[in-house]
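To start, the structure itself, in structure tokens.
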Amino acid sequence: MSTAPTQPFTSDVTLTVNGRKRTLTAAHHWTLLHLLREALDLTGTKSGCDRGECGSCTVLLDALPVYSCQVLALQAGGKEVVTIEGVASGPGLHPIQEAFINEDAAQCGFCTPGFIMSAYALLRREPSPTEADVRAALSGNLCRCNAYGRIIQGVLAAAKAMREGAS
Amino acid sequence: MKEALTAVGRSLPRAGLAAKVTGEARYTADVKLPGMLHARLLRSPHPHAEIISVDTAAALALPGVHAVLTPFDPEAAGRLAPDMTILSKRARFVGDEVAAVAADDDSLAEHALQLLRVQYRPLPFETDPQEALRPEAARIHPGGNLCGGAPMLLERGSVERGFAEADLVLEETYKVPCHSAAALEPRAALARWDGDGLTLWKTSRGVHQDRSTLAHALGLPIDSVRVVAPPLGAGFGNKDESRGAAIAALLSRKAQRPVRLDYSRHEEFVAGRVRHSAVIRLAMGVKNDGAITAIDNSTLMNTGAYLASGPGVLRRAAQGSLYLYRCPNVRYQGLLVYTNAPVAGSYRGLGAPQGHFALEVHVDRVAEALGIDPLEFRLMNHVGPEGQEGRRRSPRHEIVDTQPVEGGIPFSSNGLRECLERGAEAIQWRGRPASNPLRPPALRRGTGVAACIYRGGPGRESTARVAIHRSGRVTLATGVIEVGQGAHTVLTQMTADALGCRYEDVDVVSGDTATAPEAPITAGSTATFSSGLATVKAAAKLRGSLLDVASTLFELPRDRIYFNRGLVFSKDRPTELAALSDVAAQMPRGSLEAEATVTPGSPDYIVNSFAAHFAEVEVNLNTGGVRVLRYVAAHDSGKIINPATAVNQVEGGVSQALGLALTEELVTDPGSGVTLNGSFLEHKSPGIAAYPHLQTIFVETEDPLGPFGAKALGEPPTVPVAAAVVNALYDAIGIRFAQLPVTPDKVLDALAEASPRPRRDP
Ligand code: FES
Ligand code: FES
């Protein structure tokens, strides 16, 4: 039987989360998801599988969407992380969040933060996505309520609102 | 009240969504308490075994481990269900809960599990329900493997007579595998004791039911247990069980610290609740003119290691055969069988998707044999508003059982014909091409139809409380849990219109036994109907009391005053007298409250929802791949309270059920009892890439018994989907699949067996 050490190895890690620099002591086996949810109490990032299959843990790591359950906390050292809590710039909602409400792009809402992060990454690199672009960019996110039709509409509506807001 | 609707019938924003898009909403696994420990479960590696002993010494010696619970703890013998205790000295499937550990963090708890020394005595086991019925089969529960000890038998007329009258009898066997509901949020429970009082946060579909189950199992007075349901990451009928919560509670008592238990995704697949697999033998007798003379349905369902909601599911599997078509002679024989396989339970549609798959594919087969178009055959035979022919046997004054088998009782409303007609029009059924010669040679397209009848609506007794406070804010207290379907949204809309306040002024109090009134579990699509009726009644009562206040205030007779959208009007003046909040401010006490309890149903009518679905599919003859290109779902769920959330429900239900039709199956290895594909990668659910072009139609019959004319909506969208797709496949490639899911390998095998012969090719 295994006799693994009961005290895990730890190291300090410094990273930027939602614009704020943080230094934390992280166990080597922690994932970025674990660090966000447990050490920083940023529970908006959900854990639907903890094994890279569902996308509910999606965050931006240096502007790219990643499954935070597939990134070790220490790998995020020196990098910039954006979570659902950091999407809106002020006290109001981000246009994607607004569009998700207006287009009813959710049911239970458990997948929603992950979808919004994937959409956020998409709209940063492609302000005028086609429906096919939206489907491709969100295909790493699972919605078991299957609110896909509304989610597609939500992202397209958000893109439109952001283009209009920018012009 | 009708002309004053300002909330009902409008696409108002879904309640609670704002907190979900920001990540603020805390689901059960997001709730933390100071000093909280993390629990993990030890699960049986054997499909069937006696647990001889559990040595906990090494685990407990590990620093940071605070409690271990085993079946040898006397308090673990508390009963959660007639066939289930909190922990048991008998493991009944691979994954059955054997012991539990609470530790400082989850990896430590997992490590401690490995230090538990369990001595098992493996027993013979059964994974196949047919085999489990042999007299010499291993006994899984003391009462034997046939649940209830006898088949469920439901009969109208005489099928023998019906078959004798028939010109043609066709018989076939259909198979539906078990698949997982796999809600995205894994189950979780958090327990905290304050002296003898216990508070449990848990993934729940009914806090009152959970509280009574848990109080009973833990031997506590009901008043000392409080169950709180945070937002639910969807249930789809699942998450109605309490074993995990009971284990968390006992660990917490031992450790004297709060304990949270989180299921892993793999545990969700193996130890959640799956849809019952079914083997359905169906025989149908018809006259040459198309009249149906007999339907005989024998259904065998696997409930796995525990009964859960099995009998209700078995009953729902009969729904289509008994009621969808006019037929004087029907028989349903249902067998529900224990095996050493993952536990089956409630999953959206209960047994109806299985039963409808068999019936609606069989109907196409019969229609073809008679040379009648599948749509025309359905239009000729579907049940009408008058219900089944025959004489009513139940006493006149009695509330009609929601599922009478006898004839002679009409429906409160029935828009099935309109669903068929309008759906057919939308998919252009009658003008569809007779063949598809223009496609690349490897692609074939086809269109299929399937209908649905669903009991849903009248549930058990429901209570609602509506109160208005001096500030003018209104609270609706309901036991209905928001499982993601939008129940709170529609109940809020009903409150607004029944009271005459604004939608924005209503707050919902729910999901906490400390504050919400009793309600049945959120199941069987009862939220809109039953709880809606209670809500409307309570709101109307409150309106009455407020009218009294207003009448005194404005010195006008009560019947000359009305409320609308938060304003007070006199019938004799075009402009408003005041805001409702002004009246509220004058209330004698701090708030006014009204409560109503209803037992929905009627002595005169059956309440059912209806649907007709149409699928257009494309089959790739080289890969066996099937794509759903276009889909039309026409529904009669009565008046639609919120069109936007209703469309979302239908689209989601259809897409979800495409998994059952085409991709999902949870496989148990018969040699070991091990679940082979417990992950999202291997139990493949529909994704956004293949999401079809989907059109929803509501025919909106206004049901005279439903609140504002509404009927059930949540489950019907999943019911006819597999049959519509399988019928479309037949249209495309001339192969009639009798077993789900229709995966590419099944398509290729079938194509190899019979060279493709598109049925409608010239
Ligand atoms: S939780 Fe990370 S992909 Fe599912
Ligand atoms: S809204 Fe429930 S999983 Fe997507």
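Rounded, prolate or oblate, given the Cα gyration tensor of the protein assembly as shown, with a/c below 1.5 counting as rounded?
rounded
Which parts of region B:2-26, residue by residue, lose 10 Å² or more of accessible area when the rest of the protein chains are there, as against the chain isolated (1.4 Å probe)?
B:PRO13, B:ARG14, B:LEU17, B:ALA18, B:LYS20, B:VAL21, B:THR22, B:GLY23, B:ARG26
Roughly what % antiparallel, to the nearest 5, for the DSSP beta bridges in the protein assembly as shown?
In the protein assembly as shown, approximately 80 percent of DSSP beta bridges are antiparallel ones.
Would you list which aspartates and glutamates come within 19 Å of B:LYS639, measuring only between C-alpha atoms, while excluding same-chain residues fewer than 8 positions from it?
Those aspartates and glutamates meeting the cut-off are B:GLU3, B:GLU418, B:GLU421, B:ASP497, B:GLU651, B:GLU700, B:GLU702, B:ASP703, B:GLU715.
When we measure straight from the Cα of A:LYS79, which aspartates and glutamates land under 18 angstrom away, once same-chain ones fewer than 8 places off are left out?
List returned: A:ASP12, A:ASP62.
By per-residue mean of other Cβ atoms within 10 Å, what is the highest-first order of B:77-84, B:206-213, B:250-257, B:509-516?
B:206-213, B:250-257, B:509-516, B:77-84
Rounded to whole Å, give me the distance from the Cα center of region B:626-666 to that of region B:350-421.
Spelled out, the Cα-based centre of one part sits 21 Å from the other.
Would you list which aspartates and glutamates come within 17 Å of B:LYS20, measuring only between C-alpha atoms, while excluding same-chain residues fewer than 8 positions from it?
The reachable aspartates and glutamates, counting only those whose Cα sits under 17 Å from B:LYS20, are A:ASP41, A:GLU85, A:GLU98, A:GLU103, A:ASP104, B:ASP30, B:GLU185, B:GLU482, B:ASP507.
Which whole-number value in Å² is the accessible area per residue of the protein assembly as shown, probe 1.4 Å?
Counting only protein heavy atoms, the per-residue value for the protein assembly as shown is 35 Å².
For region B:89-95, in order, what is each residue's ³J(HN,Hα) by Karplus, 6.51 cos²θ - 1.76 cosθ + 1.60 with θ = phi - 60°, in whole Hz (x at glycine and Pro)?
For region B:89-95, the Karplus curve yields 7, 10, 8, 10, 7, 6, x Hz.
Could you report the buried accessible area between B and A, both sides summed, computed with a 1.4 Å probe and given in Å² to the nearest 100?
So the total buried area for this chain pair works out to about 4400 Å².
Nearest 500 deg cm²/dmol is fine: what mean residue ellipticity at 222 nm does chain B get from its DSSP H runs of n ≥ 4 alone, each adding -39,500 (n - 2.57), divided by its residue count?
Mean residue ellipticity at 222 nm (helix-derived): -8000 deg cm²/dmol.
For each pair in A:LYS46/B:LYS175; B:LYS239/B:LYS711; B:LYS571/B:LYS711, compute the distance between the two Cα atoms and list the pairs where it is over 28 Å.
As for pairs spanning more than 28 Å Cα to Cα, those are A:LYS46/B:LYS175; B:LYS571/B:LYS711.
Give me Rg over Rh for region A:24-150, both radii from the alpha carbons and Rh done the Kirkwood way, two decimal places.
Result: Rg/Rh = 0.96.
Under a point-charge model restricted to the Cβ atoms of Lys and Arg (+1) and Asp and Glu (-1), what is the dipole moment magnitude of chain B relative to its Cα centre, in debye to the nearest 20?
Once rounded to the nearest 20, the dipole reads 480 debye.
Which of A:ALA147, A:ALA26, A:ALA39 moves the most in a Gaussian network model of chain A with Cα springs under 10 Å?
A:ALA39
Across chain B, where is the longest run that never hits GluC sites (Glu not before Pro) in a DSSP loop with at most 15 other C-beta atoms within 10 Å?
With GluC sites (Glu not before Pro) excluded where exposed in loops, chain B gives B:137-385 as its longest stretch.
How many Cβ atoms of partner chains, on average, are near each residue of A:45-58 if near means within 10 Å of its Cβ?
The per-residue average across the peptide is 5.
Enter the Cα centre distance for the pair region B:156-172 and region A:112-167, rounded to the nearest angstrom.
Between the Cα centres of region B:156-172 and region A:112-167 lies a distance of 54 Å.
Explain nothing, just the number: relative contact order of chain B, from Cα pairs under 8 Å at least 6 residues apart, as a whole percent.
16
Between rounded, prolate and oblate, where does chain B land on the alpha carbon gyration tensor, with a ≥ b ≥ c its root eigenvalues, rounded for a/c under 1.5, else prolate if a/b exceeds b/c?
oblate
Which shape class applies to region B:236-372: rounded if a/c is under 1.5, otherwise prolate when a/b exceeds b/c and oblate if not, where a ≥ b ≥ c are the square roots of the Cα gyration tensor eigenvalues?
prolate
Taking loop as defined by DSSP and a crowding limit of 12 other beta carbons within 10 Å, which trypsin sites (Lys or Arg not before Pro) in region B:1-49 fit?
When the trypsin sites (Lys or Arg not before Pro) of region B:1-49 are filtered for loop state and at most 12 Cβ neighbours within 10 Å, nothing remains.
Please name whichever of B:ALA305, B:TYR605, B:ALA191 sits farthest to the positive end of the charge dipole of chain B, dipole taken about the Cα centre and charges placed at Cβ: Lys and Arg +1, Asp and Glu -1.
My answer, from the dipole projection, is B:ALA191.
The values are calculated or read from the model by the stated rules, or taken from the named source; none is laboratory data. Everything quoted here is computed from the prediction, not taken from an experiment. As a convention, Cβ positions derive from the backbone with ideal geometry for all residues, glycine included, and neighbour counts pool all protein chains shown. Protein only, heavy atoms only, side chains kept; ligands, DNA and RNA dropped before computing areas. Shrake-Rupley method; radii C 1.70, N 1.55, O 1.52, S 1.80 Å.
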